[in-house]
Amino acid sequence: MSNHQNEITPLIHIVNHYQCELGEGPVWDAKRNSIIWLDIIKGNIHEYNITNSVFNTTSVHQMIGSFALCEDGHFVAALQQGLYFINKFTGEQKLIAQPEIHLPQNRFNDGKCDPAGRFWAGTMSTKDEEGVGNVYMLDKKEQLSIMIEQVTISNGLAWSLDHKTLYYIDTPTYAIVAYDYDLVSGQINNKRVVINFEKSEGYPDGMTIDTEGMLWIAHWGGWQVSRWDPNTGQKLSHFKLPVEKVTSCTFGGENYTDLYITSAKVGLTDQELQQQPLAGSLFVIPFCGFKGIAPIEFQGVGF
Ligand code: CA
């Protein structure tokens, strides 16, 4: 099957010279013409404005796993210790929920809004414990539900274009699973594996979907992002990157034609850092040949 993959080598740029320890969570903000991403370990939210090239950093003073834009322009975020609203301009935090206060070794990780504007985010152990994470759903009334239990490193989330399927990654499984998804209630069922990763290509990490319903997956330890057909499980193409730890990707730009890709340098040796001096950068592939969809905003008001 791999013989038929279409390997593409387009122009890959770095967005700016900032390098994260653990870059993650890219989100395109169309209202501001900005790309926003995270450094999980440093607890920073970074924003680079494409219009005026201004780079801005907001510290949240603890680890941050993921965030989504709110309708009012602020953020809903999954921090180390729980879910919060974050004022985009002042950095002020407003606690929403701490569902794992009894699991102090856990932290929140990847998250995203579903097509109904509810924020989903999962957790993981910071001590490499298996099966102690969960995936939560926060609705606009700030009610929290557990949606998936006993996961290890909760990562990529994407919903199908017809809003009937949730795709999900628990990284150590090397698999992408699908669930039937109910748009009205958010309930999921009928879990099945739709994609299996070759272990030699790294771990599946962050994920997004394009306008053809194909999944884009970042390879932690695999030097690439790849495009997959979740209906057949087939790998369709990939973009190679000059860094080993590729963490997440999303489409941005005026028509969502640019692919933004985050990466990490955490855990690399000095020798490895010499071999991949751009590790931790935010990359962009302008006019990558595919299009994405706008990120869904959280249908609730934080401030
Ligand atoms: Ca991740």
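The values are calculated or read from the model by the stated rules, or taken from the named source; none is laboratory data. It should be emphasised that the depicted structure is a prediction, and the values quoted were computed from it without experimental measurement. Virtual Cβ from ideal backbone geometry, glycine too; neighbours counted across all protein chains shown. For accessibility, only protein heavy atoms count, side chains too; no ligands or nucleic acids. Shrake-Rupley method; radii C 1.70, N 1.55, O 1.52, S 1.80 Å.
Of the residues 208, 51, 269, the one with the largest accessible area comes first in the ranking 51, 269, 208, computed with a 1.4 Å probe on protein heavy atoms.
Rolling a 1.4 Å probe over the protein heavy atoms gives the chain an accessible area of 43 Å² per residue. Does anything in the stretch 174-197 have its amide N under 19 Å from the 7 Å Cα→Cβ label point of residue 162, and if so which residues? Of the residues in the stretch 174-197, 177-195 have backbone N under 19 Å from the label point off residue 162. This model, with +1 at the C-beta of Lys and Arg and -1 at the C-beta of Asp and Glu, gives the chain a dipole about its Cα centre of some 200 debye. The mean sequence separation of alpha-carbon pairs under 8 Å and at least six residues apart, normalised by the residue count of the stretch 136-249, gives a relative contact order of 18 percent. Taking all protein chains as they are arranged and a probe of 1.4 Å, the heavy atoms of residue 238 leave approximately 20 Å² accessible to solvent.
Shape class of the chain from the Cα gyration tensor (axes a ≥ b ≥ c, square roots of the eigenvalues): rounded, since a/c falls below 1.5. Take the solvent-accessible surface of the protein heavy atoms, probe 1.4 Å, and return the percent of it on the chain that carbon and sulfur atoms account for. In the chain, the share of accessible area belonging to carbon and sulfur is 48 percent. Taking the centroid of alpha carbons for each part, the stretch 79-125 and the stretch 176-246 are 23 Å apart.
A cut-off of 5 Å between modelled amide H atoms, ignoring neighbours fewer than 5 places along the same chain, links residue 153 with 171. Magnitude of the charge dipole for the stretch 6-108, about its Cα centre and with charges confined to Cβ atoms of Lys, Arg (+1) and Asp, Glu (-1), is about 180 debye. Neighbours of residue 153 by Cβ distance under 14 Å: Lys/Arg scored +1, Asp/Glu scored -1, total -4. Projecting the Cα positions of 195, 156, 284 onto the charge dipole of the stretch 144-286 (unit charges on Cβ atoms of Lys, Arg, Asp and Glu, taken about the Cα centre) puts 195 furthest along the positive direction. Cross-link check: pairs 140/245; 127/265; 127/191; 42/291; 140/164 evaluated at a Cα-Cα cut-off of 24 Å; pairs beyond the cut-off: 140/245; 127/191; 42/291. Using the Cβ-Cβ distance between residue 231 and residue 271 with R0 set to 51 Å, the FRET efficiency from 1/(1 + (r/R0)^6) comes to roughly 0.75.
Computed on protein heavy atoms with a 1.4 Å probe, the accessible areas place 212, 130, 71, 297 in the order 130, 212, 71, 297, largest first. Dipole orientation for the chain: of the candidates 22, 76, 98, 76 has the Cα lying most toward the positive pole (charges on Cβ; Lys, Arg +1; Asp, Glu -1). Accessible surface comparison of 31, 42, 112, probe 1.4 Å, protein chains only, largest first: the order is 31, 42, 112. Couplings 3J(HN,Hα) for the stretch 266-278, derived from phi with the Karplus relation 6.51 cos²θ - 1.76 cosθ + 1.60 (θ = phi - 60°), are 4, x, 7, 6, 4, 5, 5, 5, 5, 7, 9, x, 9 Hz, where x marks Gly and Pro.
Estimated at the nearest 10 Å², the accessible area of residue 136 is 10 Å² with a 1.4 Å probe.
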